[in-house]
Every structure is written in C-alpha cells, then in structure tokens.
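As structure tokens, the structure follows; a few thoughts come after it.
The values are calculated or read from the model by the stated rules, or taken from the named source; none is laboratory data. Note that the structure is a prediction, hence the values are computed from the model and not measured. Note that we place each Cβ from the backbone using ideal geometry, even for glycine, and neighbour counts take in every protein chain shown. What goes into the accessible areas is simple: the full protein's heavy atoms, side chains included, and nothing from ligands, DNA or RNA. Shrake-Rupley method; radii C 1.70, N 1.55, O 1.52, S 1.80 Å.
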Amino acid sequence: MEETKIVFLSDNRKVVLEDDDDIILSFVSDDKAESRFEVPYPCGGYGGGWLTLSPSKNYVVFSYFSGESEEGFCLFNIEGNQLKLVYDSGYLYGEEANYSFVNNERILVQTFRTGAWYQENAEADENGDLYYEFGELNLFYMETQELSRHTIHVYPSDDWEEEVTDVGTFAFSDLNGSEFHVTVPWGKATFYAPLESVLVIRPEKNPDLSK
C-alpha cells in the first residue's frame, strides 16, 4: 500500500497530514486551508502515519503507528470542506496495517501482522497441534460503526521455514459474495462470511511462492 500524507479529491481540493509537531489533517482548496482537524496525540506515542482515500472520495483513513508494534486508524467522512470523525480505533497490537473499502464502502477492511513462525514460540491447541498467531482481519461496519476483529491462526507444515515462507505481504485482496480473499506471504487464502472470531489457515506443504 502506498504511504502518502496527501490525498487529492477534485477541483484542486486535497487532504493533507501534518505531523511534525501536532497531528493535524487539513482540508485544502486552491492552496488555502479551509478547515483543520487536530488528532489527539496517542497515549502510546506516535511513530508516524499516512492517509488512504476511499474510491468514492467520501472517506479518508488516517492510519498511524506507535513504533512499538501498535497500529491504529481514524476514519473520517468528507462533508463539504469539513472532515467529520467517524471512528478512532486507538492502538491495536500489530504491524504493517493495510486498509481497503468494500461492499460499496459499507465496510472498511483492516489487516495487520501480529506474529511470525518460530517453533519455540508456538502455541498448542486442544489437540496438541502447533500454531502461531499470524495477524488480524478486521471489519469496520459503517452502518453500526462497530469494529469486528478476527484473529488468524496458522498451522505450519513440518518443513515450514519462517525466513523463506513467512516473509512478504499480508493484505486484503477482494470480496466475492461471502468470500474474503487475502494475500499472504506464501500465496492466497479465503475466508467465508460470517467470519469466526478465530480464522484458521493450514498452508499446503512446500507452498509455491510464485503464485
């Protein structure tokens, strides 16, 4: 995902993130700041942030991180020349967050990593099988303004190599009916709605990383 501090609307309008001192989102028209929204400084600190614009240009996401493996986002609705705060998630444990709007922008999808495969840190389920917590696939519903969080557990094969297999992109790909498709370092995965609170991936042995 491209990281940018400026998103362009239309008619010489844009939203600009300024975060050298305070954290301010400015609505700029013809190079003049029409309005400003000051984001409260996160209690966990601030390591940086960027903006993501929805396809309709009606919403903008301010994604921010602490630099201590924490990610958060503010969702704004663009009304006229004003930014109206819809939701602030606060910090969630994780890294490398990505955002996508789906279902006619009725859902905002958030993905981020929370762990990597190291056998000494593995957990065991009720059957004694080893897994690790890979990340989260979260859905923010515009209508209810609720964030539904879903943890992903990965059960590696016996020949799993973290340095080779588990390094790369994790991001939402697309929604096809009830199917949520995501890109993972070793290929692709699909989850089906309604999503469970824990989502399970069991990658094939010797995954083809060229897919």
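When N127 is tested against the conditions (1) touching a strand residue (DSSP E or B) at 6+ places or on another chain (Cβ under 6 Å); (2) free of Cβ contacts under 8 Å to residues at least 24 places away in the same chain; (3) outside any strand (DSSP E or B); (4) surrounded by fewer than 19 Cβ atoms within 10 Å (Cβ to Cβ), the lone failure is (1). Considered as a group, the residues in the range 67-100 that are over 19 Å from S10 (Cα atoms) and touching a residue at least 60 places away in the same chain (Cβ under 8 Å) include one that is surrounded by the most Cβ atoms within 10 Å (Cβ to Cβ), and that residue is L75. Screening E96, E126 for residues that are closer than 18 Å to T52 by Cβ and out of contact with any Leu (no Cβ under 8 Å at 6 or more places or on another chain) leaves exactly one candidate, E96. For the structure I just gave you, tell me whether G45 is within 20 Å of R113 (Cα to Cα) and free of Cβ contacts under 8 Å to residues at least 24 places away in the same chain. Criteria met by G45. Residue check: V164 meets all listed conditions (1) in a loop (DSSP other than H, G, I, E, B); (2) over 15 Å from V109 (Cα atoms); (3) among the β-branched types (V, I, T) but one, namely (1). When P42 is tested against (1) surrounded by fewer than 17 Cβ atoms within 10 Å (Cβ to Cβ); (2) part of a loop (DSSP other than H, G, I, E, B); (3) not charged (D, E, K, R), exactly one condition is not met: (1). Checked against (1) loosely packed, with under 15 Cβ neighbours inside 10 Å; (2) aromatic (F, W, Y); (3) closer than 19 Å to V182 by Cβ, W160 meets all criteria but (1). Inside the range 1-38, residues that are hydrophobic (A, V, I, L, M, F, W, C), at pLDDT 95 or above and under 19 Å from the mean Cα position of the chain (by Cα) make up a count of 3. All of N98, N81 fail the test of being modelled with pLDDT under 95 and of a type in the set (S, T, N, Q), apart from N81.
Checking each residue in the range 1-26 for being loosely packed, with under 14 Cβ neighbours inside 10 Å and small (G, A, S) picks out only S10. Regarding the range 130-140, can at least one residue be identified that is more than 19 Å from the chain's Cα centre (by Cα) and open to solvent by 20 Å² or more (accessible area, probe 1.4 Å)? The answer is yes; a qualifying residue exists. The one condition from (1) at pLDDT 95 or above; (2) touching a Gly at 6+ places or on another chain (Cβ under 9 Å); (3) open to solvent by 60 Å² or more (accessible area, probe 1.4 Å); (4) not small (G, A, S) that Y64 does not meet is (3).
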